[in-house]
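Q: Can you keep this structure in mind? I'll have questions shortly.
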Amino acid sequence: MTARVWRHAAAWLMLLSVALGAAWLRYDLIESSAIGQLCSGEHSPAWCEWRQWLVLGFQHHAYGVTVYGVAALAAAAMALLWKHPWTAWLAAALGMFALELYCFEPGALALLIGCLRLLRLQALPSTPPLGQHRPRDRQIQAKP
């Protein structure tokens, strides 16, 4: 396989790792009753403060959009304005993170925009959308 194929595949594999990491945060760190009891005690570990900040990120919202949703929508707008694969990947990653952490509508929209934009930017840049099926040599053919 060529380096270009591996580079394109790496973006999607990193997006998968973001999804798995967000799922781990949600199900093993936030929703775990054992972790909740451990962090509610007097002598809780130092990382419980990070857990609390993570929970506050999806609890504080304005007009139904959490902090994670605002970040995902901002990245989606950036991906639409700039034609860079990293902005599209960022929109998809933040959308996935927001979707996993209880911000469904903005997260899903950002994930959709980021994935579609990333697919479009990974397509062959030398082929315009309407020129895919035209003859390459541009010769005029006689009428039959």
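The values are calculated or read from the model by the stated rules, or taken from the named source; none is laboratory data. These numbers were taken from a predicted model, which means no experiment stands behind them. We place every Cβ from the backbone using ideal geometry, glycine too, and count neighbours over all the protein chains shown.
Q: Criterion first (within 26 Å of Cys115 (Cβ to Cβ) and at pLDDT 95 or above) does Leu101 satisfy it? Working first, answer last.
A: On the way: within 26 Å of Cys115 (Cβ to Cβ): yes; at pLDDT 95 or above: no.
So Leu101 fails the test.
Q: Please find, among Leu81, Leu99, Leu73, the residue that is closer than 30 Å to Ala123 by Cβ and without any contact (Cβ under 8 Å) to a residue 12 or more places away in the chain. Show your work before the answer.
A: Working: Leu99 fails: without any contact (Cβ under 8 Å) to a residue 12 or more places away in the chain; Leu73 fails: without any contact (Cβ under 8 Å) to a residue 12 or more places away in the chain.
Among Leu81, Leu99, Leu73, only Leu81 is closer than 30 Å to Ala123 by Cβ and without any contact (Cβ under 8 Å) to a residue 12 or more places away in the chain.
Q: Just wondering, is there one or more residues in the stretch 31-50 that are part of a helix (DSSP H, G or I) and closer than 28 Å to Trp86 by Cα? Break it down into steps so the answer makes sense when it comes.
A: Restricting attention to the stretch 31-50, the residues satisfying the condition of being part of a helix (DSSP H, G or I) are 33-40, 48-50.
Restricting the remaining residues to those that are closer than 28 Å to Trp86 by Cα gives 50.
Looking through the stretch 31-50, at least one residue is part of a helix (DSSP H, G or I) and closer than 28 Å to Trp86 by Cα.
Q: Name the residue, out of Gly41, Gly57, Gly36, Gly69, that is more than 25 Å from Cys115 (Cα to Cα), out of contact with any Lys or Arg (no Cβ under 7 Å at 6 or more places or on another chain), surrounded by 13 or more Cβ atoms within 10 Å (Cβ to Cβ) and not polar (S, T, N, Q).
A: Working: Gly41 fails: surrounded by 13 or more Cβ atoms within 10 Å (Cβ to Cβ); Gly57 fails: more than 25 Å from Cys115 (Cα to Cα); Gly69 fails: more than 25 Å from Cys115 (Cα to Cα).
None of the others qualify; the one that does is Gly36.
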